[in-house]
Each structure stands twice: as C-alpha cells, then as structure tokens.
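> Sending over a structure as structure tokens; questions will come in a sec.
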Amino acid sequence: MKGVAGLLNALHRGETALAAHLLAVADRHRAEHEVHHVATDLARWSRRHGELIADAAPRYGGATGPGGGQEAAGRGAEDSDDVPPLLLDLRALHLAASGNAVYWEMLGQAARATRDERLLGLADTCLPRVLRQAGWARTMLTTQSPQLIVAG
C-alpha cells in the first residue's frame, strides 16, 4: 500500500497548507466579511481532514508530519503586482483546493479498487467538502473580479 501511503501524505500536506492559507487570507481580508468568515470556516474543514488523514495513515504505512502551511500562505512566483491581492489569494485557494480534490479522487479510486471501505469512507467524507472549498473560491473570483479589475 505504498501508493496509498504516498497519497495520504500528500493529502495531509495539502490539507494542512490549505487550512493555513485560508486562515491567512481571512486575516489579510478582514474588511471583506464574506471572505473573512467563510475562509475561517473552510479552514476548519481542512484541519479536520488533516486529523482524519493522520488517524488513517499508519494503517497504510504512511507517517504524516506536521504539514506544510507556510509556503501555501504566501504568494506564488507567477503572481503579478498588477493583480488585486484578493484575486491572487482567491486564485491560490482555488488551485490548492482543486489540487487536493484530485488527490481525494485518486484515493477514492484506490479504495474502490482494493475494496477498502474505511479508506473509501474517508475519501467520500472529505472530497465533497474540498470541492465546496474550490467552488467557493471560484464563485468569489467570479463575483469579485469585475469590481476589482475594472475599478482598480
């Protein structure tokens, strides 16, 4: 089950990083009440996902570490100073959540292939939430972009 352990480790890092990024975005954009409050709530989901992964990982030979929150909380090298910071943050959140969703989908498929109900339950619990996180970030991008780009 080396592949499953690798996915669990990647998911643990990804969910930990996403939680840290959500909290950093919430803090940076306190004046945007929806962003602040929803991002804070969504961070709880990712922290819980990390806990669930940490509980499951030893059964599959995985050893989750403390995670990697710091690099995800910053801006990427491809980000432009010409793009409003809120849009950069929402883009990064969308990409991070979408990346985690792909890993959850792979984990679910591996669980189906091996008929591992426990692992499938984990994937089935977390995948819908991470898809909602990605969807929220995309919706916020859609609603905020016209105002921030045109007014900027």
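The values are calculated or read from the model by the stated rules, or taken from the named source; none is laboratory data. Keep in mind that what you see is a predicted model, and the values were worked out from it rather than measured. Counting neighbours? That spans all protein chains shown, and the Cβs are built from the backbone with ideal geometry, glycine included. With ligands, DNA and RNA removed, areas are computed over all heavy atoms of the protein, side chains included. Shrake-Rupley method; radii C 1.70, N 1.55, O 1.52, S 1.80 Å.
> Using only Cα atoms and rounding to the nearest 10 degrees, what angle (0 to 90) does helix 85-114 make with the longest principal axis of the chain?
Helix 85-114 sits at roughly 20 degrees to that axis.
> Return the long-range amide H neighbours of GLY61 (sequence gap of 5 or more, or a different chain), with a cut-off of under 5 Å between placed amide H atoms.
none
> What ³J(HN,Hα) values, in whole Hz, does the Karplus curve 6.51 cos²θ - 1.76 cosθ + 1.60 give for the stretch 40-53 when θ = phi - 60°, with x put for Gly and Pro?
4, 5, 5, 4, 4, 4, 5, 4, 5, 4, x, 5, 5, 5
> Could you tell me how many degrees, from 0 to 90 and to the nearest 10, lie between the Cα long axis of helix 2-28 and the main elongation axis, the longest principal axis, of the Cα atoms of the chain?
Once rounded, one gets 20 degrees.
> Beyond 28 Å, what share of the Cα-Cα pairs of the chain remains, rounded to the nearest whole percent?
On the way: 2578 of 11476 pairs.
Value for the chain (Cα pairs over 28 Å): 22 percent.
> If you don't mind, another one. Which order do you get for THR142, THR114, THR64 if you rank them by accessible area with a 1.4 Å probe, largest at the top? Display every interim value, and only then the final one.
Working: THR142 95, THR114 75, THR64 40 Å².
Correct descending sequence by accessible area is THR142, THR114, THR64.
> Moving on to the next point. Between helix 117-151 and the chain, what is the angle of the helix's C-alpha long axis to the longest principal axis, kept within 0 to 90° and rounded to the nearest 10?
10
> Sticking with this structure for a sec: Defining a contact as two alpha carbons under 8 Å apart and six or more residues distant in sequence, what relative contact order in percent does the chain show? Working shown, then result.
Details: 184 pairs, mean separation 43.8, N = 152.
29 percent.
> Given a Förster distance of 30 Å, report the FRET efficiency between ARG44 and SER98 from their Cβ-Cβ distance, rounded to the nearest 0.05.
0.95
> Per-residue ellipticity at 222 nm for the chain, helices alone: DSSP H runs ≥ 4 residues times -39500 (n - 2.57), over residue total, nearest 500 deg cm²/dmol?
Details: 5 runs with 120 residues, N = 152.
Rounded to the nearest 500, the figure is -28000 deg cm²/dmol.
> Right, another one. Which length gain, in nm to one decimal place, applies between HIS37 and THR125 when the Cα-Cα distance is subtracted from 0.36 nm times their residue separation?
Working: separation 88, 0.36 × 88 = 31.68 nm, distance 2.25 nm.
Net length gain for the segment: 29.4 nm.
> Right, here's the next one. To the nearest 20 debye, what is the magnitude of the charge dipole of the chain about its Cα centre, counting +1 on the Cβ of each Lys and Arg and -1 on the Cβ of each Asp and Glu?
Values: 16 positive and 17 negative charges, 104 e Å.
Dipole size: approximately 500 debye.
> Report, to one decimal in Å, the Kirkwood hydrodynamic radius for the stretch 109-150 based on all distinct Cα pairs. Don't skip to the answer; put the middle values down first.
Numbers: mean 1/r = 0.0812 Å⁻¹.
Across the stretch 109-150, the inverse of the average 1/r is 12.3 Å.
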